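The values are calculated or read from the model by the stated rules, or taken from the named source; none is laboratory data. The shown structure was predicted, so the numbers you read here are calculated from the model rather than taken from an experiment. Backbone-built Cβ (ideal geometry, glycine too); neighbour counts: all protein chains shown. Calculation scope for accessible area: heavy atoms of the full protein, side chains included, ligands and nucleic acids excluded. Shrake-Rupley method; radii C 1.70, N 1.55, O 1.52, S 1.80 Å.
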Amino acid sequence: MYTADLIVANDWATGFTANLVITNVSNKPITWSQLTFEAPFEITNLWNGEILNEDSGSYVIGSPGWGKTIAPGNSISIGFNGSKASDSKIEVTNLELDGVRETNSPAPTPDPEPPTDPVDPAPALNDAIRIEAEDYTDYSDKTKGNTGKAYRNDGVDLEATSDTGGGYNVGWIDAGEWLTYDVDITASGTYTLAARVASKQAGPFSMKAAINGQDTTLTFDGTGNWQDWTTVTGEQVTLTEGEHTLRLDMESDRFNLNYVELIPVEGNPTPDPNPKPAPDPDPGQDPDPDPDPTPDPDPSPNPSTGQFNYAEALQKSFLFYEAQRSGPLPDDNRIEWRGDSAVNDGADVGRDLSGGYYDAGDHVKFGFPMASSMTMLSWGVEEYRDAYSQIGQLDEALDAIKWGTDYILNAHVTDANGTKEFWGQVADGFVDHSYWGPPEEMTMERPSFKIDRQNPGTDLAAEAAAALASASIIFRPTNKAYADKLLENAEQLYEFADTYRGKYSDAIPNAQTFYNSWSGYNDELAWGAAWLYKATGKNSYLQKAESVYQNQIGGLAQGETISWDDKAHGAAVLLAQETGKQSYQQDVEGWLNSWVEGKNGIQVTDGGLRWLRQWGSNRYAANTAFAAGVYADTVNDPGGKFSDLSESTIDYLLGDNPRNSSYVVGFGENSPQQPHHRAAGSDLNKPGPNEHILYGALVGGPDKPNDFAYEDSRNNYITNEVALDYNAGFTGALARTVDVFGGDPPSDSELNALPGVVVPDTNV
């Protein structure tokens, strides 16, 4: 007995991303080889499976090796990209697993596996009455029992004004144009109107709204990028049960509507027509009485009491990076269960691309997030070098960064005209994700992918430049020759990035499903130039960073943060540091205030976690904690709120939370036992802890703004996967807490006592 559920992650006019989730609802394992179904679309890419046959919309899918057996109560997810006619449905019919039809019972709804950050609509609260621009005719599914239909002022339905350029399924509203929604309220109560929009034009703009004559105004921060979504709430209105009319009216400019919703105020009696049970908390923990908590009106973070050994957590973070190493391992390798692997990477193109880091729980070397992680690690050392030195971890930090920058140097190829090409990825993500096992036992082909002058990747090249430039700063005091080499390559890569413009994920299509460049490349151009200015002192780089930030980026999306994809927030912090200009300080403080106060799309759990989105929620919180701490220490910390945010976030991740559980493997109380990691994990569906302890790894965290929305399961790659970038900002934030509170890392003998860790005797 099994259930099958098709979950659409992204949907635009003629294409989409979805996953087909197969769940074993019987009490016996299911071993399968073929899945068949019919569909009114074409699958263009598929992962966690193999297309064995396709004939006029009839598909035969073969099982992945690691997902061939589904344990009772467990699921597998087959993800794919598809193309379709603009008016066709995204559905599968006549589905059979080895000739057996599915069972008619609910199935779970996980996202596809790769730890990536697609720009998708922010999740609505359970009881919200949500009306999305992508579907104007029938909202019965999207509004959870409430209905709505939208019209323009001239009577034309919303689809007639839909603009799906760039892959976004949204509606445009021009100045003087208004939309009317008929909304069915199922229970009387107080509601708050919210909307998610983006604008092509900079500067604030506003939208009028009227609900049965009750007026409210929503004012949005302007953006200069189609992908800078902003969620803003307006005034509260009291509505009675029955049908109501919601009218939206644009006052000026033109904006891009993603959705509007009415959110019940806390205590409102609106029922949830489709209630979902809260996830089971860890054994011994009290269940959360409210699976979707409403943020506290004043969710200011509490100051840290310095209750953890931050030096130990920082030390173990570098053990995690050692566990992620690819290629021939050095003699001082401390992870006993890791050996040489992928030593022939790059042989297919005549280039030594061994070394570097595996990305996450998989074995692909994705150059974009790897370079971003090295930049963030270097930033932490640049800001808190003394803290690293005081606890004897500076050498470990430099070694971790050099393992990445050496690889970046090898991937960089020049000729007489400067950068000729840059190798941005090793291994096919789809092939890699069909294998579950340690990297030492891989046998599949591992192709190499590059950017060059004909197929540019501005974002990738500029991020690699930032990584090398930031690393040159921290190596200069101890290894001037290496610092000079890093800086020379950084300047060449940046010139290449700026001269040959294009998104790297267009040049390397295999990366699109995993690490697509959603934010474009202007953020990396500003970020890379800012780091080159810090490394060289050349004013031309500062002028470049400011010009790109002011004219192309145009400000910060307050409901976002710095990530492997979006560097605008990091660039703003650097520019505030280097220039002292009020404009950058206003941008940064507006952004950080959203995180402190829990607004503009940032939600706050009862335990105080600032939650942005489901995939790697801990990572976003940690990145913000690091940036907030740096800004507080070097620019401004009004009332101590930014340093409090930084410290309280780190405490939450280390175990000061309602679960009383650490989110760092091998650290603190009730730490994760089953991180989704092929090298450390045993069989994917085998119960019990992983075979090896992945010390220091920060797991993804709650998949919704609920302290208990976390599952310590090897199968759950949303809450329990790990990644290079998850630990990058986290490591810098840990260094800051060491700087503030001190700490003592375990000695070499204490590390040697840890299972799977061996510290070489340097006296031999």
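Would you say residue 572 is surrounded by 24 or more Cβ atoms within 10 Å (Cβ to Cβ) and of a type in the set (Gly, Ala, Ser)? In short, yes. Screening region 499-524 for residues that are outside any loop (DSSP other than H, G, I, E, B) and in contact with a Pro (Cβ under 7 Å, 6 or more places away or on another chain) and picking the one that is nearest to residue 387 (Cα to Cα) gives 515. Tell me which of these residue 597 doesn't satisfy, since it passes every other one: (1) touching a Ser or Thr at 6+ places or on another chain (Cβ under 9 Å); (2) within 18 Å of residue 466 (Cβ to Cβ); (3) acidic (Asp, Glu). Result: residue 597 passes all but (2). Scanning region 640-669 for residues that are within 18 Å of residue 617 (Cβ to Cβ) and in a loop (DSSP other than H, G, I, E, B) yields a count of 9.
Here's a check for you: in region 729-762, which residue that is among the aliphatic types (A, V, I, L, M) and in a helix (DSSP H, G or I) is most open to solvent (accessible area, probe 1.4 Å)?
First, the residues of region 729-762 that are among the aliphatic types (A, V, I, L, M): 733-735, 738, 740, 751, 753-754, 757-759.
After this cut, where a residue has to be in a helix (DSSP H, G or I) as well, the list is 733-735, 738, 740, 751.
On the way: 733: 1, 734: 0, 735: 0, 738: 4, 740: 71, 751: 1 Å².
Looking at residues that are among the aliphatic types (A, V, I, L, M) and in a helix (DSSP H, G or I), I get 740.
Out of 6, 35, 20, one residue alone is at pLDDT 75 or above, in contact with a Leu (Cβ under 7 Å, 6 or more places away or on another chain), surrounded by fewer than 19 Cβ atoms within 10 Å (Cβ to Cβ) and closer than 20 Å to residue 715 by Cβ. It is 6.
Going through (1) within 30 Å of residue 51 (Cα to Cα); (2) open to solvent by less than 20 Å² (accessible area, probe 1.4 Å) one by one, residue 446 falls short only on (2).
Out of everything in region 313-336 that is touching a residue at least 12 places away in the same chain (Cβ under 8 Å) and open to solvent by 40 Å² or more (accessible area, probe 1.4 Å), what residue ends up being nearest to residue 604 (Cα to Cα)? Going through the qualifying residues, I end up with 336. Scanning region 550-561 for residues that are farther than 15 Å from residue 589 by Cβ and of a type in the set (Val, Ile, Thr) returns a single hit, 553. Counting only residues that are surrounded by fewer than 18 Cβ atoms within 10 Å (Cβ to Cβ), in a helix (DSSP H, G or I) and not small (Gly, Ala, Ser), region 455-498 holds 5 of them. Only a single criterion out of (1) over 27 Å from residue 615 (Cβ atoms); (2) within 26 Å of the chain's Cα centre (by Cα); (3) open to solvent by less than 10 Å² (accessible area, probe 1.4 Å) is not satisfied by residue 388, namely (2). Of all residues in region 586-605, those that are more than 21 Å from residue 701 (Cβ to Cβ) have Cβ atoms under 6 Å from Cβ atoms of residues that are not aromatic (Phe, Trp, Tyr), 6 or more apart or on another chain, in 587/555; 587/556; 587/572; 588/572; 588/573; 588/576; 590/558. Taken together, the criteria exclude residue 543 from residues that are in a helix (DSSP H, G or I) and either small (Gly, Ala, Ser) or closer than 23 Å to residue 646 by Cβ (or both). Within region 586-595, can one find any residue that is touching a helix residue (DSSP H, G or I) at 6+ places or on another chain (Cβ under 8 Å), buried (at least 22 other Cβ atoms within 10 Å of the Cβ), under 26 Å from residue 609 (Cβ atoms) and aliphatic (A, V, I, L, M)? Within region 586-595, one or more residues are touching a helix residue (DSSP H, G or I) at 6+ places or on another chain (Cβ under 8 Å), buried (at least 22 other Cβ atoms within 10 Å of the Cβ), under 26 Å from residue 609 (Cβ atoms) and aliphatic (A, V, I, L, M).
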